[in-house]
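Chemist: Below is one structure. I have some questions about it.
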Ligand code: FES
């Protein structure tokens, strides 16, 4: 998957890593976003910059269906419009105060985000379940060399030597870094899941060292 992801779905996190009422930083290419989940369970992707004075919204907090900035407490709805400014409690914030939001899709235990209007739906991995995510300090080519296999057009790679059903979803973060989401066959045993998790660690080390399996 290339770093210019405009119009494409990018896998940014495992659903299990984003509990309700939390916010975390995530990456689409080189851009950091604030990924959060409301109390009702809705996943939301917002620009990671508060329109007030630029604080990272991924440092903020979630209350109910809104994300609040940690600095002066401006509160933003899932749609991005500002709901409340604590220093002016009687003011209805104008519609012009809003944070950019991005389309989000959630399926197969993965959270996908798109910049721009996405074409279609994210790829499905119905026979797989999520395992873990890691950031590799190496580009996709180094990971492919370490794994002895190429990623397909969806960014999915099956290592040449791997525990049952291991699949790696790669997304280019720029600056020679890659986000890797590991998936494993849904019927994998706990032992196979542990072995697959170790395999991901091994691949990370080999890719970062420029080595191969
Ligand atoms: S910088 Fe976010 S509320 Fe002030």
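Values quoted throughout were computed directly from the atomic coordinates according to the rules given, and no laboratory measurement underlies them. Quantities reported herein were computed from a predicted structural model and do not represent experimental measurements. When we count neighbours, we look across all protein chains shown, and the Cβ atoms used for this are built from the backbone with ideal geometry, even at glycine.
Chemist: Neighbour counts of other C-beta atoms within 10 Å: give me 76, 102 arranged from fewest to most.
Modeler: 102, 76
Chemist: Can you compute the modelled spin-label distance between residue 88 and residue 205, with each label point 7 Å from Cα toward Cβ, in nm?
Modeler: 5.7 nm
Chemist: Residue separation times 0.36 nm, minus the C-alpha to C-alpha distance between residue 53 and residue 119: what's the value?
Modeler: Stretched fully, the residue 53-residue 119 segment lengthens by 20.4 nm.
Chemist: For 187, 172, 17, which order do you get if you count the other beta carbons within 10 Å of each Cβ and list the fewest first?
Modeler: So the ranking, lowest neighbour count to highest, is 187, 17, 172.
Chemist: Further question: With a 10 Å Cβ neighbour count serving as the proxy for reagent exposure, in which order, fewest first, do 189, 96, 101 appear?
Modeler: 96, 189, 101
Chemist: Given 0.36 nm per residue, what is the gain on full extension from residue 126 to residue 141 after removing their alpha carbon distance, in nm?
Modeler: Once the chain is fully extended between residue 126 and residue 141, it gains 2.7 nm.
Chemist: Let me ask something additional. Expected output is a single nm value to one decimal: the length gained when fully extending between residue 95 and residue 194, i.e. 0.36 nm times separation in residues minus the C-alpha distance. What is it?
Modeler: 30.7 nm
Chemist: Counting helices only, and only those DSSP H runs with n ≥ 4, report the 222 nm mean residue ellipticity of the chain as the sum of -39,500 (n - 2.57) divided by its residues, in deg cm²/dmol to the nearest 500.
Modeler: -4000 deg cm²/dmol
Chemist: Considering only C-alpha atoms, what is the centroid distance from region 39-70 to region 107-186, in Å?
Modeler: Using only Cα atoms, the two centres lie 27 Å from each other.
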